[in-house]
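A short worksheet on the structure shown next.
The values are calculated or read from the model by the stated rules, or taken from the named source; none is laboratory data. Remember, it's a predicted structure, so these values are computed and weren't measured experimentally. Heads up, the Cβs are rebuilt from the backbone with ideal geometry, glycines too, and the neighbour counts pull from every protein chain shown. For the accessible areas, the whole protein counts, side chains as well, though only heavy atoms, and no ligand, DNA or RNA atoms are used. Shrake-Rupley method; radii C 1.70, N 1.55, O 1.52, S 1.80 Å.
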Amino acid sequence: SPLASPQETLMGKYGEDAKLIYELQDQGGELLALRYDLTVPFARYLAMNKIANMKRYHVAKVYRRDNPATTRGRYREFYQCDFDIAGQFDPMIPDAECLKIVHEILSDLQLGDFLIKVNDRRILNGVFAVCGIPESKFITTCSTVDKLDKMPWEEVRSEMVGEKGLSPEAADHIGEYVQLHGGLDLIERLLQDLKLSQNKLAKEGLGDMKLLFEYLTLFGITGKISFDLSLARGLDYYTGVIFEAVLLQQENDHVEESVSVGSVAGGGRYDGLVGMFDPKGRKVPCVGVSIGIERIFSILEQRVKASGEKVRTTETQVLVATPQKHLLAARLKLISELWDAGIKAEMLYKKDPKLLKQLQYCEDMGIPLAAIVGEQELTDGVVKLRDVATREEVRM
């Protein structure tokens, strides 16, 4: 999908986050915007091409007019890695697969302990309804609840009452629900909740949540998954299950304060988005997940820094070196042969570099071998191959 879209494509899809969309204007005065995520362009693609079934991943840059915090992996231009399943399927089977993928990725990367929080927009909306919140305030209340992972309940409550205009009683009532988290036991308990079970949306959501947890049990991953009623995810387009993966404290105590990056993946179900772009309003149910690759990189980089281990930034296998002056031609001929043979080789871009400097470069860059051609080697028709670490040399 293109980097720039017409502004109306992106507007009205992200709720309060819309203020972070990068707006542009081209020479003809057409209003454009840089893509904010990969989900909305994907939905537009499905609608434009009348695709009703698709399973895909997409890695690309997105743009947000945010306050960058580079230590936490927060940038204005960053990569997203998305995986989505579009199509009409039986409930919760693709959703469970998305969670399985997040679990697999975070386990394989060995980022330490993590937790995947799961909730459902329908359960949240049901909670709001039984707490007496008017439907017009569901979305703004949602974005306030979503701050519970960053702010204590008291501050969230005062924002609800002060800024969002909810009554103190309604806010307290919401508080009783959104501070709950657990597993199948909590789902069962809420299904028995007299008020909630009378709300059609909440009942549907809880029924699906129960089904989801049964599938996750079969996948063997429920140990890392928590049904958390405070999870709201601020975006407007979610319609059902929502999830977010967070890293728990790091195992190295001395790097703890520097790697509190929080959320590293998130996603959910967005059944109404494709219909917004289809001229006939045809809907394609979708569920997807986004992996926060920049955040994961910033954690891995800080890990490496703390451990003091050296990381190779190049895949170069051999440095072509010369010990005397006026041998640039010999280096160029040898490196050309190596390149043609598919060997990853480098040389210093100097006519007459000192041998010590060339070997030092190998050590700095972690290049394991040096192929040395001096006057004697040229006379004998050989190359001296030096193991940089052990300093052993062989002529060949």
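Does residue 312 satisfy being under 18 Å from residue 395 (Cα atoms) and basic (Lys, Arg)? Answer is no for this residue. Residue under question is residue 81, and the condition is that it be in a strand (DSSP E or B) and either within 16 Å of the chain's Cα centre (by Cα) or polar (S, T, N, Q) (or both); does it hold? The answer is yes for residue 81. Residue 102 meets all of the listed conditions (1) among the hydrophobic types (A, V, I, L, M, F, W, C); (2) crowded, with 24+ Cβ neighbours inside 10 Å; (3) at pLDDT 95 or above; (4) farther than 21 Å from residue 263 by Cβ but one, namely (4). Determine, yes or no, whether residue 136 is surrounded by fewer than 20 Cβ atoms within 10 Å (Cβ to Cβ), without any contact (Cβ under 8 Å) to a residue 40 or more places away in the chain and hydroxyl-bearing (Ser, Thr, Tyr). Judged against the criteria, residue 136 is a match.
Could we say that residue 86 is modelled with pLDDT of 90 or more and either touching a Gly at 6+ places or on another chain (Cβ under 8 Å) or surrounded by 17 or more Cβ atoms within 10 Å (Cβ to Cβ) (or both) here? Judged against the criteria, residue 86 is a match.
Here residue 388 fulfils each of the conditions (1) under 17 Å from residue 332 (Cα atoms); (2) touching a helix residue (DSSP H, G or I) at 6+ places or on another chain (Cβ under 9 Å); (3) among the aliphatic types (A, V, I, L, M) apart from (1). If you filter the range 69-78 down to residues that are in a strand (DSSP E or B) and buried (at least 17 other Cβ atoms within 10 Å of the Cβ), you find that the one that is modelled with the highest pLDDT is 78.
Picking from residues in the range 118-132 that are open to solvent by 10 Å² or more (accessible area, probe 1.4 Å) and aliphatic (A, V, I, L, M), the one that is farthest from residue 268 (Cα to Cα) is 130.
Count of the range 274-289 residues, restricted to those that are surrounded by fewer than 21 Cβ atoms within 10 Å (Cβ to Cβ), outside any helix (DSSP H, G or I) and either touching a Ser or Thr at 6+ places or on another chain (Cβ under 9 Å) or not basic (Lys, Arg) (or both), is 3.
Counting only strands (runs of 3 or more DSSP E) that sit completely within the range 1-68, those holding 1 or more residues that are among the small types (Gly, Ala, Ser) correspond to 4-6, 31-34, 54-63. Residues satisfying the criterion are present in the range 236-243 (criterion: open to solvent by 10 Å² or more (accessible area, probe 1.4 Å), at pLDDT below 95 and in contact with a strand residue (DSSP E or B) (Cβ under 8 Å, 6 or more places away or on another chain)). Candidates are the residues of the range 1-59 that are touching a strand residue (DSSP E or B) at 6+ places or on another chain (Cβ under 8 Å), among the charged types (D, E, K, R) and under 29 Å from residue 95 (Cβ atoms); the one that is surrounded by the most Cβ atoms within 10 Å (Cβ to Cβ) is 35. Restricting the first member to the range 99-117 and to residues that are within 17 Å of residue 214 (Cα to Cα), and the second to residues that are of a type in the set (D, E, K, R), the beta-carbon pairs closer than 7 Å and six or more apart or on different chains are 103/224; 116/224; 117/228; 117/244. Inclusion of residue 96 among residues that are in contact with a Leu (Cβ under 7 Å, 6 or more places away or on another chain) and open to solvent by less than 30 Å² (accessible area, probe 1.4 Å) is warranted. Against the numbered list (1) at pLDDT 95 or above; (2) basic (Lys, Arg); (3) closer than 30 Å to residue 78 by Cβ, residue 357 comes up short only at (3).
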